[in-house]
Structures are given as structure tokens and as C-alpha cells.
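Working notes, structure below.
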Amino acid sequence: MYTQGLLEQGSKTVTVAAVEDAERLQRFEAKIDAEEKIEPKDWMPDAYRQTLIRQISQHAHSEIVGMLPEGNWITRAPTLLRKSILIAKVQDEGGHGAYLYSAAETLGISRAEMIDQLLAGKAKYSSIFNYPTLSWADIGAIGWLVDGAAIMNQIPLCRCSYGPYARAMIRICKEESFHQRQGYDIMLKLARGTVGQRRMAQDALDRWWWPSLMMFGPPDGASQHTALSVRWKIKRFTNDELRQKFVDFTVPQAKFLDISVPDPDMRWDEAAGQHRFGEINWAEFHEVLKGNGPCNRERLTARRNAHDAGRWVREAAAAYAAKHTARSVAAA
Ligand code: BYC
């Protein structure tokens, strides 16, 4: 426990609390360096707790808001099989949101608080979900590119230093991998289809390519949280490192589909063993983050309406739980 007294250390007077904190910080960092997990009841610096609450809650919101662009196509999927796959995928995203809210709750914030922040427009969620799904090919592009980018970012999160987040990510990544494959399969069918279907596939790649690169966050030089998150092994790679891996992984997949990445500056750098790519439109990214993307308002309105429509369910569940608690107290 913190002691408020004073301790003489040579000529310097420091608070006992500060010494205790420094010792705890040292033990905390030694644990992280040794690749041990930090668990909810362990001591952790407040900055670690706050960063995790921020990142995990934003991640949870992204999963929940991310159900909307794809949910938009459930009634219009071209076959029964595609419809079943899409329903399963959208349900998986809801499940991911639920595990992630639970992981964030272990840090001392409630799910209700996090949801209030989202509905009040105070919490961020991934920029990518503020773009519209205009054709069936967009469902292919989301699975291929958006889930592909998500996997690239999330596989390292399975090794995150915070135990509950790392464990949630293991299951999420398994499901994301099915999501990526079903998306690529849609793209493959379209790319090998009629002229019109090929055009749809190309159009979807044209619209989703750049927003997918933005999913990795601002460039390293502008990323305010990366340094500390990498030091504390919340993030294992920087934003630019993951973006580069994604480009290197995805460009050959586009070639196999025989459709073109919409970037005239894209080229293979033999010496570096990497693709070089053009400048990302960061002004567009910041506009989307400020709430001015093509669908920001629509997404928040949909979540607010869903929250209002579900109020009676939450109230009924709370009344049922209270009744059971009262009965077990009376029986005890
Ligand atoms: N969109 O210092 P930085 C999915 C914010 S869901 C919006 O680099 P950090 C799926 C950032 O939050 C996949 N905001 O931050 C679901 C920060 O703002 P604050 C979602 C962004 O945290 C359904 C500020 O910019 N994945 O796969 O070190 C269907 C400065 O950035 C974005 C995750 O959430 C963005 N793209 O790094 C289909 C993964 N980028 O908080 C698929 C977990 C940055 O200071 N999250 N910002 O106001 C992460 O790995 C990290 O949080 C990020 C950003 C790499 C995203």
C-alpha cells in the first residue's frame, strides 16, 4: 500500500509512495521483459491501464460497428451458401466485441461506460467502417483486405503483455482467418467471372485499398502511443512495420486475382525486398477520425437506434437477475 510519509535518501527527500512506485515499476517491467503476462490483479502503471482501456475498447467498438457495413448485404447475398457464411461472419464480429469488452472490464471500466462513450461520439473505432458497401464485391474486399489487415495487426496482439487481451485475441484471430479466406474466395469468383463481375472486383479494390492501409494508424513519426506500447509489449510492431507487411503480403494476392492495386507508385524494391508504395492521404484519415467520413453519422445513428431498441431486453435481464439474487438471499 502507498504510505504518505517521507523517506530520507541521501540529500534528497522523496515520498515513500514514489519509491514504492519505482520499485513496482521495475518489477512490472522485469516481468514484461521476461515475457510473463500481466494479469488483472497485478500492479500496473496507470499509463499501462489507460492505454489498454483505450485500445481494447476502441477495438471492441470496431468489431461492433464493423458489423454494420457487412450486415447491409445479408439480405442481398447472391446464394444461400454466401448468405449463411456472411451471417456467421457478422455474428463472429459481435462475439469478438463481447470478448473484448470483457477483457477491457478486467481493467476497471464497465461495459456500460464504454458503450456510453461510443454512443456519445467520444470513443474512436476503426476508420475503415465509415466507408459504404456499395456492391457485393465490397463484401469480398472487406474479407480480403479489412480482415487481412486485421489479422496482420492482431496476430502480434496474441503475444500482448496483458493476459486477458492476449487470450481473447487467440480465438479472434482463428475466426479472422476464416473471414479473410471467405472474402478472398468471393473476390476470386468475381475476378474469374464475367466482364461485369471483374469490373465489380476492380472497383471494390479501388475503393477499399487506401482505407485499408489507413487501418494501421498514423505513420510512426505521428503515432503518439507507439513508443510506450512497444516498450510495454502491448504492440509488438509499429504501425508502419505492420502496414508494410500487409502490402507485401497482399500485392501478390491481387496479382493472382489479376486486378490492379490503385497505386501508380507501387513497385517492388529488389534491394529492400519490399514493395514501395505511394503517399497515403492522411488528410482523409483525419477527417474520418473527426467524424466526417462518408458514413460516420449513419454508423452512430444505427448503433444508437440499436441501443434504444434493446433497452427492454437489458431491463428484463436485469430484473430477472435481481429476482434470482433476491430468491437465493431469501433461501440462504
Ligand atoms: N481508426 O498513436 P496511435 C476488425 C487513433 S476490427 C481510428 O498510432 P495506437 C473487423 C488512435 O486510436 C479491427 N482511429 O495509436 C471488425 C489514437 O487515438 P486516441 C480493429 C485510429 O493505439 C468487423 C490516434 O489515432 N482493430 O478487424 O498506438 C468486421 C493515434 O494513433 C486509427 C484494432 O482495433 C484508425 N485506423 O495504434 C471486419 C486493433 N488508427 O486514442 C473486421 C487494435 C489510429 O489517442 N488496435 N487511430 O484518441 C491497435 O492495434 C492500435 O490501437 C492501432 C493504433 C494500430 C489501431
Taking all protein chains together and a probe of 1.4 Å, list 328, 62 from the most accessible to the least accessible.
-> 328, 62
Among all the aspartates and glutamates, which ones have a C-alpha under 16 Å from residue 89's C-alpha, if same-chain residues fewer than 8 places away are not counted?
-> 63, 70, 138, 147, 175, 176, 185
How much accessible surface area, in Å² rounded to 10, belongs to the heavy atoms of residue 184 with a 1.4 Å probe?
-> 40 Å²
What size of dipole, in debye to the nearest 20, comes out for the chain about its Cα centre when the only charges are +1 on Lys and Arg C-beta atoms and -1 on Asp and Glu C-beta atoms?
-> 1040 debye
Given backbone amide H placed at 1.01 Å from N, residues whose amide H is under 5 Å from that of residue 274, ignoring those fewer than 5 places away on the same chain, are 269
Cross-link reach from residue 37 to aspartates and glutamates, straight Cα distance under 15 Å and at least 8 residues apart if same chain, gives 29
Any idea what the dipole of the range 245-312 comes to, in debye rounded to 20, about its Cα centre with Lys/Arg Cβ at +1 and Asp/Glu Cβ at -1?
-> 580 debye
Using a basic spin-label model with each label point 7 Å from the Cα along Cα→Cβ, how many nm lie between residue 181 and residue 21?
-> 4.9 nm
Pairs over 27 Å Cα to Cα, from 174/245; 174/233; 122/235; 235/290; 41/245, come to 41/245
Which distance in Å, rounded to a whole number, links the C-alpha centroids of the range 269-332 and the range 177-239?
-> 19 Å
Per-residue accessible area, 1.4 Å probe, largest first, puts 268, 210, 43, 144 in the order 268, 43, 210, 144
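The values are calculated or read from the model by the stated rules, or taken from the named source; none is laboratory data. Given the structure is predicted, the values throughout are model-derived calculations rather than measurements. Here the Cβ is made from the backbone with ideal geometry for all residues, glycine too, and neighbour counts use every protein chain on show. Areas reflect the complete protein model, heavy atoms only, side chains present, ligands, DNA and RNA absent. Shrake-Rupley method; radii C 1.70, N 1.55, O 1.52, S 1.80 Å.
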